[in-house]
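J.: One structure is given below, represented as C-alpha cells, and several questions about it will come after.
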Amino acid sequence: MISLNPFARKGWLRSVSRPIRRELPNAIRRKLEASRARSNRRGHPATFIGITGSSGKTTTASLLGHVLEAYAPTTTQAIYNTAVDIAPAVASASRNSEFVVLEIGASKKGSVARSARLIEPDVAIVTIVDLEHYSVFRSLEAVADEKGWLVNAVRPGGFALLNADDEHVLAMRRRTRERIVTYGRDEGADFRVLSAEFSFPGPLRVRIAWKGNEETVVSPLPAKHFWLAVTAAFAAAVELGVSPEQIKERIAGFGGVPNRCQIMEVPHGPTFIVDAAKAPFGTIDLAFDVMSDATDRRRKVVIGQISDYAGNPYSKYTKAYQRARAVADEVIAVGDNAHKVRATEEDIASGRFHRFRDVHEVYSYFKKTAVEGDLILLKSSGSLHLERVALAWTSDVKCWEKRCGFTIGCVSCGLYTHPFHEHGRIRRREKRRRRREKIRRLVAAPFRLFRGMNPP
C-alpha cells in the first residue's frame, strides 16, 4: 500500500527514487575506481599483460602468471574479468611488480574497450573467438570486433600474441601497428605446435618449435585442448625474456584452475572432472573429449545448464546428450532444462540416461551408485553450481540452494559449508569487519607517518 506521505518508507517519492538511490553509490564508486586506476597506470613501471578470448583465457592468464612469478614479482587476476573488476585491480597494482597479468572478459558491447583503456596493455594475448554471450553479440564478427579492442590498445613498443589457427583472431593484426607474434598449429605460426598428445589421466605433452628451437612442454592439465593455453603462456613468457627451461619447470607444476576441467579424486571413491564454470554449446565437445580416452573406467557424464547458442534449446540439449552418450556409459541431465533432453526410451529403460531436478538429487544418486574407479564429468555453466556434487564427497556441503544468484564458484564463495539462509548474515558481518579494518588503517596512518618522521 502506497503511503500518503511521500517521504515515508512506502511513499511515492521514495519508491520512485529508490533505483537511483541504490545505483548512485555504485556509479560513484566505479567512477572513483576508474580514476584511481588511470592514475596508478600512469608511469607504472610494470609490464601490463591483457588476455582475452571466448575460451581459454582464465587458464592462460593463471598459467602465465604462475610462470612469471618465479621470474619476477608478478600480480595476476583471473576469473574476475569485467570492467568493474579490472578497475580496482589496476588501481591496486603494486609498483613493486614487474608484471601485471589480467584476464579481460566481454560481458556486453564496449566492455573490452573500457578495460583496455584502463590497463593500456604492453602485451595483448587473444586465444579464440567463439559465439560467446550470444544474446548480446549474435555473431562471430561482433565477438571478434569486441575482443579486438584489446589489440587496439597495445602501447608503443609492445606486442600482440595472436592465435594463428583462428581467422578472426589473426585478422586482429590489422588493428595495431605494434609487433605481432603468432602461435598455433598453422605452419606460418611463430610458435608452432608440432604435436599435442594426451591420454587420460595425462600428462599433456606439447611440442613447440620457434626460431630454430624446439621444446616438448609437459603439463598436468587434464585435457588435450589445454595445448592452446600452454602454448600461449610459453610463447608470451619466451617473448618476455624467461628461459625455456624455467618456463617448462613452472608449467609442469601448474595443476589448473578450479572448476575448469579440475580433477578431484575421492579416496576409495570416484574421480570427478569438474568443468562447471562455463558451458557454451560451441565448445562443449572439448569436455567430452576428456572422457574418450579413459576406456578402462566406468564413465558417467552429468549435463547441467548449457549457454551461448541460437535456435531451439531442445535440439541443443539433445545433441549434447548424444555427444556425451558416445563417450560415456551413463548420462545424467539435471536442472530446469533437463526435460529438454530427448533421450530414447531404450536408454531410459536401461538406466543409461537419468533426469534429476536438482544438484542434491545427483549427489544422492552417486552416493548410492558410484564406486571406486568411476570417472564422472560434471559439465555446466556456473549458475547451477554443479561442483557441489564433487565437493560433498570430501566436505560437509550444506548449501544446496537452486538459485543463489551468484555465478562465482562455490570454492571462491567459500560459504558452501553454511546453509544458504545464513549467507547474507555472514557476508554482512564480513563487510562490517572490512569496513572497521579500513577505518582503523585510516586512523592509524597519520601516527605511522609521524613516527616515520621522528625516529627514536
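The values are calculated or read from the model by the stated rules, or taken from the named source; none is laboratory data. All of these numbers come straight from a predicted model, not from anything done at the bench. Quick reminder, even Gly has a Cβ in these numbers, built from the backbone with ideal geometry, and neighbours come from all protein chains shown.
Yes or no, residue by residue, for (1) in contact with a His (Cβ under 8 Å, 6 or more places away or on another chain); (2) within 29 Å of Leu68 (Cα to Cα); (3) aromatic (Phe, Trp, Tyr):
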site: Phe254; (1), (2), (3): yes, yes, yes
site: Asn259; (1), (2), (3): no, yes, no
site: Asp275; (1), (2), (3): no, yes, no
site: Leu286; (1), (2), (3): yes, yes, no
site: Gln305; (1), (2), (3): no, no, no
site: Ile332; (1), (2), (3): yes, no, no
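J.: Condition first: surrounded by 15 or more Cβ atoms within 10 Å (Cβ to Cβ) and out of contact with any helix residue (DSSP H, G or I) (no Cβ under 9 Å at 6 or more places or on another chain). Now tell me which residues in segment 88-114 satisfy that.
T.: Ser97
J.: Can you find a residue that is surrounded by 17 or more Cβ atoms within 10 Å (Cβ to Cβ) and modelled with pLDDT under 95 anywhere in segment 170-187?
T.: Checking segment 170-187: not a single residue is surrounded by 17 or more Cβ atoms within 10 Å (Cβ to Cβ) and modelled with pLDDT under 95.
J.: Considering Ile208, Ile180, which residue is in contact with a strand residue (DSSP E or B) (Cβ under 6 Å, 6 or more places away or on another chain), over 19 Å from Pro121 (Cβ atoms) and without any contact (Cβ under 8 Å) to a residue 60 or more places away in the chain?
T.: It is Ile208.
J.: Show the residue pairs that are 6+ apart or on different chains and have beta-carbon atoms under 7 Å apart, the first residue being within segment 188-205 and on the phi > 0 side of the Ramachandran plot, the second being not hydroxyl-bearing (Ser, Thr, Tyr).
T.: From segment 188-205, the pairs are Gly202/Pro220; Gly202/Pro222.
J.: Report those helices (runs of 4 or more DSSP H) wholly inside segment 359-431 carrying at least 1 residues which are modelled with pLDDT of 95 or more and not assigned by TED's automatic domain parsing to the domain that holds Pro201.
T.: Correct list: 359-369, 388-391.
J.: Ok, one more. For the structure I just gave you, tell me whether Ala34 is surrounded by fewer than 21 Cβ atoms within 10 Å (Cβ to Cβ), in contact with a Leu (Cβ under 8 Å, 6 or more places away or on another chain) and over 20 Å from Met172 (Cβ atoms).
T.: So Ala34 fits the description; yes.
J.: Exactly one of these conditions fails for Trp149: (1) within 22 Å of Val230 (Cβ to Cβ); (2) at pLDDT 95 or above. Give me its number.
T.: (1)
J.: For the condition touching a strand residue (DSSP E or B) at 6+ places or on another chain (Cβ under 7 Å), surrounded by fewer than 17 Cβ atoms within 10 Å (Cβ to Cβ) and more than 23 Å from Pro222 (Cα to Cα), what is the one hit in Asp308, Asp347?
T.: After applying the criteria, what remains is Asp347.
J.: Considering His339, His418, His360, which residue is surrounded by 12 or more Cβ atoms within 10 Å (Cβ to Cβ) and either among the aliphatic types (A, V, I, L, M) or touching a residue at least 40 places away in the same chain (Cβ under 8 Å) (or both)?
T.: His360
J.: Shifting gears a bit: Can you pull out every residue in segment 241-288 that is in a loop (DSSP other than H, G, I, E, B), more than 19 Å from Ser219 (Cβ to Cβ) and not aliphatic (A, V, I, L, M)?
T.: Gly241, Pro267, His268, Gly269, Pro270, Lys278 - these are the residues of segment 241-288 that are in a loop (DSSP other than H, G, I, E, B), more than 19 Å from Ser219 (Cβ to Cβ) and not aliphatic (A, V, I, L, M).
J.: Against the condition under 15 Å from Thr283 (Cα atoms), in contact with a helix residue (DSSP H, G or I) (Cβ under 7 Å, 6 or more places away or on another chain) and either modelled with pLDDT of 95 or more or part of a loop (DSSP other than H, G, I, E, B) (or both), how does Ala328 come out, does it pass?
T.: Against the criterion (under 15 Å from Thr283 (Cα atoms), in contact with a helix residue (DSSP H, G or I) (Cβ under 7 Å, 6 or more places away or on another chain) and either modelled with pLDDT of 95 or more or part of a loop (DSSP other than H, G, I, E, B) (or both)), Ala328 does not qualify.
J.: Residue check: is Ala349 among the small types (Gly, Ala, Ser) and in contact (Cβ under 8 Å) with a residue 24 or more places away in the chain?
T.: In short, no.
J.: Would you check if there is a residue in segment 67-88 being farther than 21 Å from Val238 by Cα and touching a Pro at 6+ places or on another chain (Cβ under 6 Å)?
T.: Within segment 67-88, not a single residue is farther than 21 Å from Val238 by Cα and touching a Pro at 6+ places or on another chain (Cβ under 6 Å).
J.: Right, something else. Count, please, the residues in segment 39-69 that happen to be among the aliphatic types (A, V, I, L, M) and surrounded by fewer than 24 Cβ atoms within 10 Å (Cβ to Cβ).
T.: The total comes to 1.
J.: Continuing with the same structure: Looking at Arg205, Arg185, Arg192 in this structure, which one is touching a Ser or Thr at 6+ places or on another chain (Cβ under 8 Å), under 25 Å from Gly253 (Cα atoms) and not acidic (Asp, Glu)?
T.: Going through Arg205, Arg185, Arg192 in turn, just one is touching a Ser or Thr at 6+ places or on another chain (Cβ under 8 Å), under 25 Å from Gly253 (Cα atoms) and not acidic (Asp, Glu): Arg205.
J.: Still on this structure, please answer the following. Could you please find all residues in segment 115-129 being assigned to a loop (DSSP other than H, G, I, E, B) and surrounded by 20 or more Cβ atoms within 10 Å (Cβ to Cβ)?
T.: Pro121, Asp122, Thr127, Ile128, Val129
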